[in-house]
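Below is one structure, written out as structure tokens; the observations come after it.
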Amino acid sequence: MKNNILIIGGGPAGLEASAQLQRMGYNVILIERSAKLGGHLAQWDRLFPDRVPADEVLGGLLRATEGVKCFTDTDIRAINRLDKSYNVRLTNGITVLSDAVLVASGFDLFNAVRKEEYGYGIYNQVMTNADLEAYFKTGEDKRIENPRKIGFVHCVGSRDEKSGCRSCSKVCCATAVKQAIEMKQAFPQAEVFCFYMDLRLFGRHYEDLYLEAQKEYGVRFIRGRVAEVSENYDGTLLVKAEDTVASKPLKITLDLLVLMAGMRPSASVKELGEHLGMMVEEDGYFAVRSGIAAGQRSPQPGIFLAGAATGPKTLPETLADARAAAMEIDRYLTEIFPDAKNYKQLVKERW
Amino acid sequence: MIYEGKQKIWSEYQKEIPDDHYFYVRSCIRQSFFPASEATFLDITRNALGKDIFETEHHTTCGGIAYHSDTIPQETVMTIIARQFALMAKHGYENYVCSCITSFGLYCETMETWREYPELEAKIRENLWRSCKLEFAKPKFLVHASDLIYKYRNLIAAQAVRKLVNVHTGEPLKVVEHIGCHYSKMFPSKGVGGAEYPYVLVGMIEAWGGEIVDYPERRHCCGFGFRQYFIKGNRGYSLSNTHKKFESMEPFKPDLIITNCPGCPYFLDRWQYVIAESTGKTYGQDGHGIPALTYEEVAGLVMGYDPWDLGLQTHQVGVEPLLDKMGVEYDPAKKYLGMNGKDLGAPAPCSCLK
Amino acid sequence: MVDFGFGLVPSSRINLDLFDSEKYEQLAEMEPDVRICMACGSCTAVCTAGKFVPTSLREAIEDIKNAKPDKALQMLESCQLCGKCSMVCPRGINTRHLILSISKVYSEK
């Protein structure tokens with residue numbers, strides 16, 4: 001008999017895990033709250049470090065999930081734990097009896113309006129990383145009209161306890177460098193400035209991207225967090241930061257400011273956590289079972305976690321996490337789940 | 001500038017301001033800087049709007065100037081404040097309104113400190129009993145007098161005889177608002193509109209027909225800074241802060257600056273004179289300055305008070321261009337007449353500032 | 001004019017609006033390595049002159065980018081061109097050539 005597996009979230013983690021589990025012969029049901037599969041990947045134009053089109057990556061993920069039962073515009077209404085399985089009622093009226101559940105609820109982009117001093121939604125020439133990706137995709141944004149001086153602000157809603165987010169979002173530094181290069185390619189006459197606290201270019205090829213931005217595109221990196229933005233009489237922006245290397249406050253007039261909004265736990269975490277009886281850590285992300293080797297197991301037997309549901313991750317990390325989750329689920333469904341007699345004991349020993 | 005974006009922020013920073021029954025405390029320096037502002041506040045709230053605003057001659061300074069100049073300990077300041085609260089309770093009030101921003105900030109800071117360190121509140125209670133044989137109750141609502149005028153802004157507009165409009169062009173006057181640092185920078189949630197985009201004065205200007213000028217250095221301190229001004233050696237630094245603000249607002253050609261702090265209107269006014277007389281630069285039209293008024297003075301003007309009764313002759317920057325724009329009638333001959341028509345004498349003319 | 005015994009204080013703030021990009025491009029053409037400095041400070045740590053007189057290539061590069069070329073020249077005035085900085089630069093900047101290029105481009109008024 002094929003086991004039913006419910007996957008919550010149709011972003012890269014959910015899609016990749018669906019494809020892998022289906023290949024293993026499981027019966028996968030994927031639900032997605034929004035109208036479209038793909039999560040944030042569907043909103044992005046190109047991906048760091050190699051600037052491959054996001055569409056290509058997403059297309060590959062979607063092709064691999066052919067045959068998976070996908071329900072978009074669908075949420076969980078209620079969930080009950082039976083002896084070993086979960087009885088899940090969905091908002092589309094369907095009830096699924098699921099032997100394992102994978103939570104791939106992803107992340108939300110930080111709402112940049114909350115950094116009041118940056119004036120997103122107030123000053124005309126302030127935009128976010130997501131807005132800029134949308135511009136790259138469509139070529140349209142009324143804020144972008146041959147800008148001569150462009151600034152990028154790293155760590156917007158990341159490493160900022162006042163914004164409720166102490167941790168690093170991992171992807172913004174590389175995204176900022178990538179977008180800085182892309183803007184320079186689109187507007188070769190423009191001067192581009194990146195305001196950072198630490199450049200966290202940890203991944204393979206990331207440092208190359210940074211070097212390329214400096215060497216080939218003359219992007220200027222200023223170590224200091226932007227502290228205040230205002231609008232000048234002519235509509236340009238007055239931006240204040242400290243150049244902490246020079247130990248001096250600094251000001252610059254810019255035509256465009258791009259805020260690198262970081263990752264926040266998905267708004268669905270709270271509700272899902274209540275439905276599933278799962279712990280959320282202080283940072284707002286789901287807790288894994290325990291310790292460094294717990295991998296993708298949640299504290300609840302039969303419930304697994306993958307992707308940004310357990311904290312900020314890059315896309316390759318998310319995909320690797322999803323594959324690992326598929327392996328874990330397979331192990332659970334073959335080694336623990338079928339043994340009805342010893343199930344509880346096995347959970348105790350091996351979960 | 002996207003106005004709706006600001007409205008969203010404003011809607012998140014709305015504090016509860018009771019409609020009536022307040023215990024009022026004055027500011028130490030406002031009475032000499034702007035002699036009619038507090039009297040105008042009481043006249044408008046009590047007589048024009050019929051509100052119950054109580055004051056007693058037994059209240060003292062809050063100790064804020066000494067506190068911010070680092071000359072008295074925090075516990076002493078807190079005991080002074082506890083005594084004011086005791087007077088409020090004694091007269092049967094729960095709502096506390098203060099005229100001064102420094103006081104407002106200090107009251108907020110004290111209440112917040114007591115909330116976090118109840119043992120300190122207990123100690124102050126003991127201090128007050130030992131020193132004055134008084135017991136205090138904390139105010140249920142603590143507001144600044146500008147919060148109250150903000151609350152009453154539409155009632156004032158309903159009784160206004162004129163608007164903040166240039167009668168010659170029909171255009172709204174361009175108004176710069178300047179909030180005292182200690183109004184909301186320390187506790188953004190305690191100020192109407194928060195600290196980045198404060199709404200308390202903007203609300204008045206909108207209700208009274210003016211147009212707000214949002215210039216880049218609007219959040220910058222006026223330069224008072226207590227020690228920065230008190231010591232002559234630091235005054236150049238105080239002056240430079242004010243200068244920075246004026247350079248930033250200049251392209252917007254404001255007709256008027258409205259403020260809610262004791263120090264800010266004083267420095268935004270007097271330093272214009274010093275900048276003009278030491279560098280030759282003026283910021284108003286044709287060699288004039290930009291009048292910097294208190295919110296009570298602006299309320300008084302729209303309600304038809306005589307400008308000399310409002311004490312506008314005590315400002316360094318001449319207010320006549322503003323009065324002419326607003327169509328306020330005034331008698332130039334009476335500008336320097338005091339109570340009972342006594343001639344106070346005109347100040348020596350400035351060489352640069354008209 | 002009246003002397004009040006105090007007056008406006010000059011601002012020490014960096015004003016990037018004053019940055020001369022034309023001149024900087026001239027320098028970058030002569031020595032492209034100016035673009036790739038990460039401000040790690042290795043050059044300054046080993047500088048022969050820097051222990052005795054204010055000398056720092058890291059700071060000079062920073063000064064140029066912060067629209068303070070005169071300060072940059074001062075920072076390099078006492079350089080002895082010993083070449084120790086080129087040995088330690090993690091990005092392999094041709095420091096000697098960069099120092100000479102800065103002096104050349106920015107000494108021309």
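Among residues belonging to the stretch B:65-77 that are touching a residue at least 24 places away in the same chain (Cβ under 8 Å), assigned to a helix (DSSP H, G or I) and within 23 Å of the chain's Cα centre (by Cα), point out the one that is nearest to B:A122 (Cα to Cα).
Going through the qualifying residues, I end up with B:V77.
List every residue pair whose Cβ atoms sit under 7 Å apart, with the two residues 6 or more apart in sequence or on different chains, where the first one lies in the stretch A:114-136 and is touching a residue at least 24 places away in the same chain (Cβ under 8 Å) and at the interface with another protein chain (Cβ under 8 Å from one of its Cβ atoms) and the second, anywhere, is open to solvent by less than 30 Å² (accessible area, probe 1.4 Å) and assigned to a loop (DSSP other than H, G, I, E, B).
Listed pairs, sorted by first residue: A:N124/A:G235.
Suppose we keep only residues that are within 23 Å of B:G180 (Cα to Cα) and in contact with a helix residue (DSSP H, G or I) (Cβ under 6 Å, 6 or more places away or on another chain) within the stretch B:298-315. Which one would you say is nearest to the other protein chains (Cβ to nearest Cβ)?
B:H315
Can you work out which of the residues in the stretch C:1-15 that are out of contact with any strand residue (DSSP E or B) (no Cβ under 7 Å at 6 or more places or on another chain) and farther than 23 Å from B:C350 by Cβ is least open to solvent (accessible area, probe 1.4 Å)? Give the steps one after another, and end with the answer.
First pass over the stretch C:1-15, keeping only residues out of contact with any strand residue (DSSP E or B) (no Cβ under 7 Å at 6 or more places or on another chain): C:1-11.
Imposing the further condition that a residue be farther than 23 Å from B:C350 by Cβ reduces the set to C:10-11.
On the way: C:P10: 115, C:S11: 93 Å².
Applying the filter and picking the extreme gives C:S11.
Run down A:D234, A:D198 and say which single residue is open to solvent by 20 Å² or more (accessible area, probe 1.4 Å), assigned to a loop (DSSP other than H, G, I, E, B) and within 14 Å of chain B (Cβ to nearest Cβ). Lay out the reasoning, then the answer.
Values: A:D198 fails: within 14 Å of chain B (Cβ to nearest Cβ).
Matching residue, one of A:D234, A:D198: A:D234.
For the stretch A:294-332, enumerate the residues that are farther than 21 Å from A:K170 by Cβ and open to solvent by 10 Å² or more (accessible area, probe 1.4 Å). Working first, answer last.
Pass one, the stretch A:294-332, residues farther than 21 Å from A:K170 by Cβ: A:297-304, A:326-332.
Hits for the stretch A:294-332 are A:R297, A:P299, A:Q300, A:P301, A:M327, A:E328, A:D330, A:R331.
Any residue in the stretch A:207-227 that is within 9 Å of another protein chain (Cβ to nearest Cβ) sitting within a Cβ distance under 6 Å of a residue that is open to solvent by less than 30 Å² (accessible area, probe 1.4 Å) and assigned to a loop (DSSP other than H, G, I, E, B)? List the pairs, counting only those 6 or more apart or interchain.
As it stands, the answer is A:Y210/A:L201, since those pairs meet every condition given.
Looking at (1) more than 14 Å from every other protein chain (Cβ to nearest Cβ); (2) among the aliphatic types (A, V, I, L, M); (3) in contact with a helix residue (DSSP H, G or I) (Cβ under 7 Å, 6 or more places away or on another chain), find the lone condition where B:A195 falls short.
(1)
Going by the structure shown, is C:E59 open to solvent by 10 Å² or more (accessible area, probe 1.4 Å) and farther than 14 Å from C:T95 by Cα?
Working: open to solvent by 10 Å² or more (accessible area, probe 1.4 Å): yes; farther than 14 Å from C:T95 by Cα: no.
No.
Taking the stretch B:233-248, which residues are more than 7 Å from chain C (Cβ to nearest Cβ) and not charged (D, E, K, R)? Walk me through how you get there before you give the answer.
Filtering the stretch B:233-248 for residues more than 7 Å from chain C (Cβ to nearest Cβ) gives B:233-234, B:238, B:241-242, B:244-248.
The answer is B:G233, B:N234, B:S238, B:N241, B:T242, B:F246, B:S248.
Looking at A:V52, A:V68, A:V103, which is the one that is hydrophobic (A, V, I, L, M, F, W, C) and farther than 19 Å from A:E32 by Cα?
Values: A:V68 fails: farther than 19 Å from A:E32 by Cα; A:V103 fails: farther than 19 Å from A:E32 by Cα.
Every option except A:V52 fails the conditions.
Quick one: count up the residues across the stretch B:264-297 that are farther than 24 Å from B:V200 by Cβ, more than 10 Å from chain C (Cβ to nearest Cβ) and surrounded by 24 or more Cβ atoms within 10 Å (Cβ to Cβ).
So the answer is 1.
Given (1) within 26 Å of B:P349 (Cα to Cα); (2) more than 9 Å from every other protein chain (Cβ to nearest Cβ); (3) more than 20 Å from the chain's Cα centre (by Cα), identify the lone condition not met by B:I258.
Answer for B:I258: the failing condition is (3).
Could you tell me which of the residues A:G14, A:G106 is crowded, with 23+ Cβ neighbours inside 10 Å and farther than 30 Å from A:K344 by Cα?
Within the list A:G14, A:G106, the selection yields A:G106.
Would you call C:S21 farther than 21 Å from C:S101 by Cα, facing chain A (nearest Cβ under 10 Å) and without any contact (Cβ under 8 Å) to a residue 24 or more places away in the chain?
Working: farther than 21 Å from C:S101 by Cα: no; facing chain A (nearest Cβ under 10 Å): yes; without any contact (Cβ under 8 Å) to a residue 24 or more places away in the chain: yes.
No: the conditions fail for C:S21.
Inspect the stretch C:85-106 for any residue being open to solvent by 40 Å² or more (accessible area, probe 1.4 Å) and at pLDDT below 95 and give the result as yes or no.
no
Name the single residue that is nearest to the other protein chains (Cβ to nearest Cβ) among those in the stretch A:248-293 being of a type in the set (G, A, S) and crowded, with 20+ Cβ neighbours inside 10 Å. Write out each step before concluding.
Our first condition is that a residue be of a type in the set (G, A, S); within the stretch A:248-293, this holds for A:261-262, A:266-268, A:273, A:277, A:284, A:287, A:290-291, A:293.
Among the residues that remain, those that are also crowded, with 20+ Cβ neighbours inside 10 Å are: A:261-262, A:266.
Working: A:A261: 16, A:G262: 20, A:S266: 23 Å.
Only one residue tops the list, namely A:A261.
Return the total of residues in the stretch C:24-59 being touching a residue at least 60 places away in the same chain (Cβ under 8 Å), within 14 Å of chain A (Cβ to nearest Cβ) and not acidic (D, E). Before you say what the answer is, go through the steps one by one.
First, the residues of the stretch C:24-59 that are touching a residue at least 60 places away in the same chain (Cβ under 8 Å): C:26-27, C:30-31, C:33-34.
Still in the list and also within 14 Å of chain A (Cβ to nearest Cβ): C:26-27, C:31, C:33-34.
In the following step, the residues that additionally are not acidic (D, E) were identified as C:26-27, C:34.
Number of matching residues: 3.
Looking at B:K90, B:K51, which one is over 25 Å from B:C181 (Cβ atoms) and open to solvent by 50 Å² or more (accessible area, probe 1.4 Å)?
Numbers: B:K51 fails: open to solvent by 50 Å² or more (accessible area, probe 1.4 Å).
Among B:K90, B:K51, only B:K90 is over 25 Å from B:C181 (Cβ atoms) and open to solvent by 50 Å² or more (accessible area, probe 1.4 Å).
The values are calculated or read from the model by the stated rules, or taken from the named source; none is laboratory data. On a predicted model such as this, the values are computed, not experimentally measured, just so you know. FYI the Cβ positions are ideal-geometry reconstructions off the backbone, even for glycines, and counts take in every protein chain you see. Surface accessibility is based on the protein's heavy atoms, side chains included, excluding ligands, DNA and RNA. Shrake-Rupley method; radii C 1.70, N 1.55, O 1.52, S 1.80 Å.
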